[in-house]
Amino acid sequence: MDRTTILVVDDNPTIRKGLSIRLRANGYEVLFAEDAISATAALVTERPDLVILDLGLPCGDGYVVMERLHKNDRLASIPVIVLTGRELAGNRDRALQAGAAAFFQKPVEDGTLLFAIRKALDVSRGELRFDE
Amino acid sequence: MILDTAMNTVRVLLIDAGEAAPIRRSVNTGQAEQFRATRKATLSEGLEALQTPHFDVVLLNLSLPDASAAESVAKVLKMARGLPVIALVNEGETAKIAEALRLGAQDYVLKGCHCDSLIRTVQYAIERKRLVTEREHALRPVTKNEAQLIAHLSHESRNALACIRQFGKILVDGLAGELSGEQREYLGIMLENASKLRSVLDSALDGTPGPLEEYTNKNERLSKLET
């Protein structure tokens, strides 16, 4: 069976590196994008199983990436977990309304993020409903 | 001394028709080095004087020849733009006092009151007004610039903190090789303090209950105990 692929979208290279070490240690394949344009390109060419998405990005922002993702039928079912340094007010509700499966502010506990990833993947594969 | 104005002088605008002359003398002679009064005899002259930013407090006679008590207070408050207004009344004018305070006057003094009492009233009115203004400033909605600053602070500080925690946990979990007991202990201290810093950020930037709120509540409790 192919390994689960996660696209990490963040403009901070240190954050990307830290997440990749953690995710790879838990068996995931990791891809990167550092801005909204390269994130959209990676979604189309690689079709990852899940996206960890920062909101503050160059060349657009995380909301733009989510909008493009949900407009594309082939990509719309990819779960997105928002992991951002932006303030809570206004962003959490907006991100969830935009279709994010989960919203976390940095820094997030590794266990919490890994649990959310597993749950979002289970939901997208039809093995679990969101309310379970 | 409560006040600390630029020149160490409290600039008083005295709006009264003349019968309150003792008040003026009190203000001008009581503590001459700290108070300076300018008298205007009518409401219209007083309002004109208030168009200049030359005063710290207004003493307003409620028995002016060209306006009722309520009209005087309302117009002076509007023109005074944040200056404390103290009503000057005769003994027994309780209805006028109540109306003036209801409209927003800071306090009142009786005509012919003792000099020390007048000066204290002026000082306290200015101090109270300053505290109210500070409180209103603290409670006002954040401006666009402040919102941008908060967003910037949140983004930068959370990213930096996330890096510290991510790599600290990577080391603690042995993902970059085994650690000695001492190294593990020191990393534990770093991560514990990173968690504390996160609580401070949550509290300061997002209003989540945390150390800052505890600090504020504690100080409010102490203030109440002191009073």
Karplus-derived 3J(HN,Hα) from phi for the range A:88-104 (6.51 cos²θ - 1.76 cosθ + 1.60, θ = phi - 60°), whole Hz, x at Gly and Pro, runs 5, 4, x, 8, 4, 4, 5, 5, 5, 5, 6, x, 5, 6, 7, 10, 10
Pairs over 31 Å Cα to Cα, from B:LYS78/B:LYS144; A:LYS106/B:LYS144; A:LYS17/B:LYS144; B:LYS144/B:LYS169, come to A:LYS17/B:LYS144; B:LYS144/B:LYS169
Over chain A, the sum of -39500 (n - 2.57) across DSSP H runs of at least four, divided by residue number and rounded to 500 deg cm²/dmol, gives at 222 nm -13000 deg cm²/dmol
Sites removed, the longest contiguous part of chain A containing no DSSP-loop trypsin sites (Lys or Arg not before Pro) with at most 13 other Cβ within 10 Å is A:4-73
Per GNM of chain A with C-alpha springs under 10 angstrom, the most fluctuating residue out of A:ALA41, A:ALA89, A:ALA116 is A:ALA89
Output field shielding_mean for B:160-168 (other chain Cβ, 10 Å radius) holds 6
Inter-part gap, Cα centre of the range A:20-71 to Cα centre of the range B:189-206, in whole angstrom, is 27 Å
Checking the range B:79-158 for GluC sites (Glu not before Pro) in a loop per DSSP with at most 11 other beta-carbon atoms within 10 Å yields B:GLU91
Looks like the range A:37-132, by Cα gyration tensor root eigenvalues a ≥ b ≥ c and the a/c under 1.5 rounded cutoff (else prolate when a/b is bigger than b/c, oblate otherwise), is oblate
To the nearest 0.05, the calculated FRET efficiency linking A:ASP73 and B:THR143 through their beta-carbon distance, R0 being 30 Å, is 0.10
Which of A:ASP35, A:ASP11, A:ASP73 fluctuates most in a GNM of chain A (C-alpha springs under 10 Å)? That residue is A:ASP73
Once the in-chain neighbours fewer than 8 apart are removed, the aspartates and glutamates whose Cα is under 18 Å from B:LYS40 read B:ASP16, B:GLU19, B:GLU48, B:ASP56, B:ASP66, B:GLU71
With R₀ set to 22 angstrom, the calculated FRET efficiency between the beta-carbons of A:ASN26 and B:VAL200, to the nearest 0.05, is 0.15
Taking a straight Cα-to-Cα line shorter than 26 Å from A:LYS71, and setting aside same-chain lysines fewer than 8 residues away, one finds A:LYS119
Expected vector for the range B:117-130, Karplus 3J(HN,Hα) from phi with 6.51, -1.76, 1.60 and θ = phi - 60°, integer Hz, x for Gly and Pro, equals 5, 4, 5, 4, 4, 4, 4, 5, 4, 5, 5, 4, 4, 4
For the range B:63-79, Karplus-derived ³J(HN,Hα) couplings (6.51, -1.76, 1.60; θ = phi - 60°; whole Hz; x for glycine and proline) come out as 10, 7, x, 10, 6, 6, 4, 5, 5, 4, 4, 4, 5, 5, 4, 5, 6
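Pick out the long, greasy-scoring helices in chain A: whole DSSP H runs spanning 20 Å or more along their own axis by Cα, mean Kyte-Doolittle at least 0.5.
Taking the DSSP H segments of chain A (at least 20 Å long, mean hydropathy at least 0.5), we get A:110-124.
Each reported figure results from applying straightforward, stated rules to the coordinates on display, with no laboratory input. Worth saying up front: this structure is predicted, and the values here are computed from it rather than measured. A quick note on method: Cβ atoms are made from the backbone with ideal geometry, for glycine too, and the neighbour counts reach across all protein chains shown.
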